[in-house]
Structures are given as C-alpha cells and as structure tokens.
Amino acid sequence: MKALITFKYAEEEIKKLEKLGYDIIFRDERDLIFSDNIKDIDLMVCFNPFNKIDISLFPNLKWIQLSSAGINHVPIDKILSQNIILTNNRGGYSIPIAEWIVLKILEMIKNTKEFYNKQNKKTWKIDTSLMELQGKTIGFIGTGSIASEAAKRLEPFDVNIIGINSSGKEAEHFHQTFSIEKIYDVVPKCDFLVIATPYTEKTHHLMDESVFSHIKDGTYLINIARGSIIDEKVLIENLKSGKIKKAALDVFEVEPLPENNPLWEMENVIISPHNSWVSEMNNNKRYEIVYKNMEKYINGEKLINIVDLKRGY
C-alpha cells in the first residue's frame, strides 16, 4: 500500500510505518508537485497541499489524514465525489489550546498587559481594578475536545461553566449545555465567552450584531477557533463601546492581521499570531494519531477522528 507523507518525520518513525506494510513516499508539502510516481498513492498524510496538487488526479486515493484539526482548507466536494475518507488531528492540540484559554482569562482579569506596559516604562503604580475568577460564569461556543479540556482546567477555580453546541447534548466538565438555538438566552449569562466551535458555513459570522446585542456589558471574549466565526467589524464596535471589556484573539478574519487593522491599536485587546496550538509535544501527538490510524487502516479497522463531511467536522 502506497502512502504519500508531506511532513518530514524522524527516520525511525518512518521505519515504524514501513514495518506496518506501507511503501512510504515523502514529498515536502512546501515544494510538492504532481508527478507520475505519486499518482497511484492509496493514502496521504498532510496539512494543506491542496493549493498545489489536484487530488482528483489520484485515482487510487481512498484516505487523507490531516495533521490539522480544522478542515476549512480541504476540497470537500472532491473528497465526497471520490468517496475519500477524511480524518483529522482532532484532540491533538486540545491541551495547549486549553492551557492558553485559562492563561488569557487570567491575563485579562489580572491586567497583566497593563503591568507589562508599566514595567517597560518603569512605572510603580498599584492597580485596584483586578478581579477574581471565582464565581464567574464562563460560556463556551462549542463543547468539543478543546472546550472540554479547558473546562476541566477551569473547574478548580470554582466557576460556572456552560456551553453551546449544535444539539444541546451534555459535555464532560460542563455544568449546563444548550443548543445553538438558545444562543440569545445563554450569552447574557456569561462573564466570559470562549469561541471554540469549528468553522463551517453555518458558523460563518455566527457572532454577528444580533448576538452581540444580547451580550451583557463588560463581557470578556476569547477566540481560539477561527476568525471568521466573529464578524470582526461588529467586534471592533463592541470593543470601542466597552460592551466587550477585553478580548484575547488568536485568530482573525484575515491572517496575518493587516497592519492597518484597528485591533492592533486597542488597549483592551491581546493579540497573538494563531499561536495557541503550539507545544513541544505537537510532533509526538501528531505522529501518534498518524501511526494509530495507519495501523488500523492496513488492518481493515475503523479509523479514529473520521470527519463527518455533512456536518463539517
């Protein structure tokens, strides 16, 4: 069975995959071009080669394993028409992003950005506006693995954790969950809103003017999902008015964030360059999922992290 891998794993890791019974072909994703010797691949392990090669040129391709959790860069129509199985790295980045969420919540209520600015100016001035996290309500838009890992880490702070998902189904570490239809009822209850839902056609600009109008004054907002889930213009208006007291944003509608974007200049915004997923464990976790699935695939077993293409995640 022939596998195209576009990320350079260690030699011993490749040998382990070959021992499973695979003929491994490595092509660096950054330089990938179509050629006859990769035309007959059975599967592909990749991040985003789809802007360089046309998967419809691979007649034997039956499975794509993504190194990402998101799938908005994937040619879904071609995958459906060719009956290709798509699996992703769901859960592979959940722990570092969950830790990031906790960090940003604490940074915002403890005003660390302001203290760093004072340090740079050698200004000694006590800040009496700091807040406690205990007793606050943290609402998650999306209750998947990232949100669950974050909720798990927030529980010891003695907070109320509520979540919104497509059906209102229960989720681990959440005290209450609601369906997306209840979003107008849920957001007024929240002191913090964490955007952690997958980006799909249905969630494009989910956080629009109508949702923001129901958010209570002084809410803190964190987005670690995708920038286009929020209508950025509406967010900026609400940051200026103070309805959103502070925001910690790791993702944006346009990335890299353009220099002329007003978010750069806003004192009540913490900006990071889509960095929340990074960890020294990323490569190990990514390989673990790849190895498990390649072992299952060659043995005819059901794969883990199969993407429901109809739902978009």
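The values are calculated or read from the model by the stated rules, or taken from the named source; none is laboratory data. Quick caveat, the model's predicted, so the values are computed rather than measured. Here the Cβ positions follow ideal geometry from the backbone for every residue, glycine too, while neighbour counts run over all protein chains shown.
Values computed for the structure shown
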item	result
Filter result (of a type outside the set (S, T, N, Q) and surrounded by 19 or more Cβ atoms within 10 Å (Cβ to Cβ)) within segment 212-230	F212, I215, Y220, L221, I222, I224, A225, R226, G227, I229, I230
Residue pairs meeting the criteria (Cβ under 8 Å; at least 6 apart or on separate chains; first at positive phi, in segment 109-133; second at pLDDT 95 or above and loosely packed, with under 15 Cβ neighbours inside 10 Å)	N111/D127; N111/S129; N111/L130
Subset of segment 266-313 (residues that are touching a residue at least 40 places away in the same chain (Cβ under 8 Å) and in contact with a Pro (Cβ under 9 Å, 6 or more places away or on another chain))	S276, W277, V278, S279, M281, N282, R311, G312, Y313
Per-region count, segment 74-99, residues within 13 Å of the chain's Cα centre (by Cα) and under 17 Å from F50 (Cβ atoms)	2
Of residues in segment 29-39 being surrounded by 12 or more Cβ atoms within 10 Å (Cβ to Cβ) and not hydrophobic (A, V, I, L, M, F, W, C), the one farthest from Y9 (Cα to Cα)	K39
Test result for K202, modelled with pLDDT under 95 and either surrounded by fewer than 21 Cβ atoms within 10 Å (Cβ to Cβ) or more than 28 Å from E267 (Cβ to Cβ) (or both)	yes
Candidate set from segment 166-195 (those that are of a type in the set (F, W, Y) and in a strand (DSSP E or B)); member that is farthest from G139 (Cα to Cα)	F178
Matching residues, segment 16-66, being free of Cβ contacts under 8 Å to residues at least 60 places away in the same chain, assigned to a helix (DSSP H, G or I) and out of contact with any strand residue (DSSP E or B) (no Cβ under 9 Å at 6 or more places or on another chain)	K19, R30, D31, D36, S56, L57
Strands (runs of 3 or more DSSP E) completely within segment 198-313 that count 3 or more residues being not aliphatic (A, V, I, L, M)	219-223
Enumeration of residues in segment 235-291 that are among the polar types (S, T, N, Q), over 17 Å from the mean Cα position of the chain (by Cα) and surrounded by 14 or more Cβ atoms within 10 Å (Cβ to Cβ)	N238, N261, N268
Matching residues in segment 55-66 - criterion: being loosely packed, with under 15 Cβ neighbours inside 10 Å and touching a helix residue (DSSP H, G or I) at 6+ places or on another chain (Cβ under 8 Å)	S56
Qualifying residue in segment 18-28 (condition: under 30 Å from S272 (Cβ atoms), surrounded by 15 or more Cβ atoms within 10 Å (Cβ to Cβ) and not basic (K, R))	no
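Condition check ((1) surrounded by fewer than 20 Cβ atoms within 10 Å (Cβ to Cβ); (2) in contact (Cβ under 8 Å) with a residue 24 or more places away in the chain) across all residues:
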| site | (1), (2) |
| --- | --- |
| G135 | yes, yes |
| I141 | no, yes |
| A147 | no, yes |
| E155 | yes, no |
| G163 | no, yes |
| E172 | yes, yes |
| T177 | yes, yes |
| E181 | yes, no |
| K189 | yes, yes |
